[in-house]
Every structure is written in structure tokens, then in C-alpha cells.
Amino acid sequence: MESPTRTLPAEAAPAPTTFPDSMSSGDFKAAFRNHAAGVSVITADDGSGPVALTATSVISVSADPPLLVFSVSSQSSSSATITSSDTVVVHLLEADQLELARLGATSGIDRFAQRSAWSRLTTGEPVFHAAPVWIRGRIISRMDAGTSTVIAVHALQSNVAGDSAAGDAPDAEPLVYHNRTWHRLGSHSRITTA
């Protein structure tokens, strides 16, 4: 059974909209350039047509219940559709899907022009076939955070292809974004095992 959308309690204080003692946005961006992040493409359709965007903010926050969060900038052309949708699909990318990552990151184009690259799930959401892993989820919370919206998602369904389905993907090479550059993680970048 899918969980209903939850909102913050009425007594929760709104987040401040100005922060007088902030570091500069340039310094903040410079600090995070050295923080590598996995690359995902998020798709949704609120009834006005499919949208997609590339994100490096996707993180898992709970396995039971299965929850993830990501943020979407208000400057993104996909922002309004994603934030108003009930459900989204989060595609977790490997290095072989660099073109899909670029597609979601390029503004001013029809990201769904190549009809053979995507289809709709039986529940209606757009999904790209190239992604080895995707998770369909229901949005359960939205929080304004500066010029972005942080979105919490309850995972409802996933598709995991190939070796990843067994929980052990020795040949998987995730796509990572670091210092304004795309990177491939693999055995060549391993320092030690956990």
C-alpha cells in the first residue's frame, strides 16, 4: 500500500529566509567541488508532460521504510513539474550512461525526443531504458531550502539490472561528479575494502 503525502506539523517553525552570517556562495561552491557525488537522473510527469533532470544530491536516508531524498533547484526548467508530482523515478547511473546524465543536465532541449530511449511505467512515470537501476517512489515531503526544494521520497518499486540485482556488482562503475568533471569509479580507483 502506498503511503500518503505527509507535511510538516503546523507547529513547526518556518525556516529563516535570510542568513546574515553566511559564507559567500562562491566559497560554498568551492568547498563542495572537492566532494564527489553519485549521478542520477530524476524523471516525473504531473500531467503536463514528462521532465528530467540530472542530480548529484540523491541520498538514501532509511532502509526501513525505504526512503531517499534529493534537492531540485528552482532555476531548473523541470523544477515545477517535479515538485508538483505525486511520484518520481530516480535513475542511478553508471559511467556507461554519461550521455543520459548529459541529457538531463542540458537545458533548452527536448529530453524525450528520442522515443526509443524511454517509455512509461504502467503507473505512468517516464523511465529511461539505459539506466541499470531505477527506483519509483512517492513524494512524502517537500521543504523549501534557499533556492532549492528538498524532496523526500518513499521507494515503492525498483528495477536492478544485471549483476547489481544479486547485490554484488564487481564490474559496476558508477558515474561520479567531482570538481565540475564526470568520473568513473572502478577497481582502478579502489583504495581499500570496507
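None of the figures in this text is laboratory data; all of them are computed from the coordinates on show. Quick caveat, the model's predicted, so the values are computed rather than measured. For neighbour counting, all protein chains shown are included, and Cβ atoms are generated from backbone atoms with ideal geometry for every residue, glycine included.
Odds and ends about this structure:
- Rounded D (µm²/s) - segment 39-178, Kirkwood Rh over Cα pairs, Stokes-Einstein at 4 °C, 1.567 mPa s: 85
- Peptides 31-41, 102-112 ranked from most to least packed by the mean count of surrounding Cβ atoms within 10 Å: 31-41, 102-112.
- When Trp182, Trp134 are arranged by Cβ crowding within 10 Å, least crowded first, meaning fewest neighbours, the order is Trp182, Trp134.
- Packing-based exposure ordering (other Cβ within 10 Å, fewest first) of Glu94, Glu125: Glu125, Glu94
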